[in-house]
1. Relative contact order of the range 1-151: what whole-number percent is it, with Cα pairs under 8 angstrom and at least 6 residues apart?
2. How would the range 48-151 be classified by its alpha-carbon gyration tensor: rounded, prolate or oblate, with rounded meaning a/c under 1.5 and the a/b versus b/c comparison settling the rest?
3. Over the chain, what is the relative contact order in whole percent, taking alpha-carbon pairs under 8 Å and six or more residues apart?
4. Be a star and scan the range 65-108 for residues whose amide nitrogen sits under 13 Å from the point 7 Å along the Cα-to-Cβ vector of residue 325.
5. Rounding to the nearest 10 and keeping the result within 0 to 90°, find how far the Cα-based axis of helix 147-158 lies from the longest principal axis of the chain.
6. Starting from the Cα gyration tensor of the range 124-178, multiply each eigenvalue by 5, take the square root, and state the resulting semi-axes largest first in whole Å.
7. What is the chain by shape, rounded, prolate or oblate, if you read a ≥ b ≥ c off the alpha carbon gyration tensor as root eigenvalues and call it rounded for a/c under 1.5, prolate for a/b larger than b/c, and oblate otherwise?
8. Using r as the Cβ-Cβ distance of residue 26 and residue 89, and R0 as 35 Å, what FRET efficiency do you calculate, to the nearest 0.05?
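Taken together, the values in this text are just the output of simple stated rules run on the coordinates, not laboratory data. Small disclaimer: the values here were computed from a predicted structure and weren't measured. Every residue, glycine among them, receives a Cβ derived from its backbone with ideal geometry; neighbour counts consider all protein chains shown.
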Ligand SMILES: NC(=O)c1ccc[n+]([C@@H]2O[C@H](COP(=O)([O-])OP(=O)(O)OC[C@H]3O[C@@H](n4cnc5c(N)ncnc54)[C@H](O)[C@@H]3O)[C@@H](O)[C@H]2O)c1
């Protein structure tokens, strides 16, 4: 890795794609899941705050910071459900990992692809602790950008190999099915959410709509299933009928954020929520019986992005899949920032003070 202090390694979308392809998507998700679990197991050590959200009529822009005392990370992410109509992604992101000791960024990375990978890995890690034993069949409702990543993560971590797909737009389901062809899934396209959940032991909801939608009603959810609710992640943006929540044991990332953004925003402020890190460390129980409905009320928390950035950083030296970004001013004498500008004036012939 470079020792030039002005340079920050930058992982572009192109390099991220090459990195994922070089490692293999399944292996990437499996390895990323170990980083996520490692960080959940040391949860108490992190600085934690609900993400800082700027809401507008069409969407939200959020900043997600955290630190473990050695490293600091943040992600910039948006959520704009109408974006796909004019060719844009619903969710895009980029992020930074920095050295707490000197405050210097160590990595700047695209995180649109990385968010899909980390969201899927986090969902599958949660399901490892919560889904019914030997679950193989998953319904995926909402077959957009996140959907294939969810399928691959559940296959890699839990062995899910039967998928039941539903989307209000059949073209999205057809795209999802085509993209997953040859990856070892038995896939059924379904005509309704009701049909998709039939026989599924795990139900993933990953739709995008900026309102309180009801993707699943109470009668659609039988006993013993695990629900992986990914799409409800903003105030006023939910996917499940409240009655489902009342029948479920609910597991979350960070309650102060989930109570604002997750399905749990529909519940009383003191409704019991179990933190996932406590299940992982044995401080709380996960699934205790075969008839229990478990619900991972996922909203996405900063520590998952921190884990993802940490994982990517650890791949850079071995793979060389990054670019050198001239991001930080680095004068010969640290206090001579203006002098650096003057020397550039001489070198380029452009005037510092204007002409
Ligand atoms: N929890 C997390 O950590 C996390 C992370 C990333 C994205 N998300 C959320 O996941 C959701 C999906 O993201 P994406 O990038 O895949 O979006 P996307 O726009 O690419 O896909 C969403 C899909 O949902 C479908 N849909 C909308 N309403 C539906 C309904 N009523 N029934 C069935 N399908 C419906 C759309 O047709 C579309 O194909 C978004 O709401 C996003 O904010 C959550």
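1. 21 percent
2. Details: a/c = 2.21, a/b = 1.25, b/c = 1.76.
It comes out oblate by the Cα gyration axes.
3. 21 percent
4. It comes to 74-76, 93-98, 105-108, nothing else.
5. So the helix axis and the longest Cα principal axis differ by about 70 degrees.
6. The answer is 21, 10, 9 Å, longest axis first.
7. Working: a/c = 1.97, a/b = 1.84, b/c = 1.07.
In terms of gyration-tensor shape, prolate.
8. Details: r = 23 Å, r/R0 = 0.66.
The formula returns an efficiency of 0.90 here.
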